[in-house]
Structures are given as structure tokens and as C-alpha cells.
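Worksheet: one structure, shown below.
Each reported figure results from applying straightforward, stated rules to the coordinates on display, with no laboratory input. These figures come from a predicted structure and were not determined experimentally. Virtual Cβ from ideal backbone geometry, glycine too; neighbours counted across all protein chains shown.
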Amino acid sequence: MTKFNKAMINKDGEYVTYGADRKFIARFKHRGPFTKAKFLKELIANHTVEGYFAALDAGKAPLAVLRDANEDWYYKTIEAYYGRSIDQLMIAYR
């Protein structure tokens, strides 16, 4: 399993691709808790090239791939962005 190489990640506006063939990693169109920097830090640290692209090919969304692999990171990022626990945030949706 190959780890992501930071030098092979291409950032072109709102799109992030990988390698010489520019394989799609993610798109960052809207503002929110998951910035390009946070997403890429998690991707490089905890995912392999083969595993990530296999999940994308299976139809998963880029953020869902990272969320399913590391839910603690996902929910801590949301809590830090909004300044409240996830339980407090979910009260508004009940």
C-alpha cells in the first residue's frame, strides 16, 4: 500500500488532484470546517493511495472516505469549528 506523497498533490483552484495523470482527490468549493489543509493533512497521515481511490471508485464522497476511516478526527474538526460539542449541535436538528 502506497502512502500519499505530498509532492505529487496538485492544488489547482478549488480542485485537488494526484499524480501526473491528475487523478481527482477532492473539490473545495464552499467554506466550512473542512479546509483544504485539514483534509490533506488527514489524507496524507492516515490513508493510502490505493485505498482512497478504491473508495472513490466505489462511489463514496471524498469527505465520507475520511470520515468513515477516522470518525474522531471528523467530529473533533466540526466541534472545533463551531465551538460546541456535537451533542449540543445536534439539539438543533431534533
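Some observations on this one:
- The residue of region 29-44 that is surrounded by the most Cβ atoms within 10 Å (Cβ to Cβ), among those that are over 16 Å from residue 76 (Cβ atoms) and over 9 Å from the mean Cα position of the chain (by Cα), is 44.
- Residue within region 50-73 that is under 23 Å from residue 8 (Cα atoms) and either among the hydroxyl-bearing types (Ser, Thr, Tyr) or touching a residue at least 60 places away in the same chain (Cβ under 8 Å) (or both) present: yes
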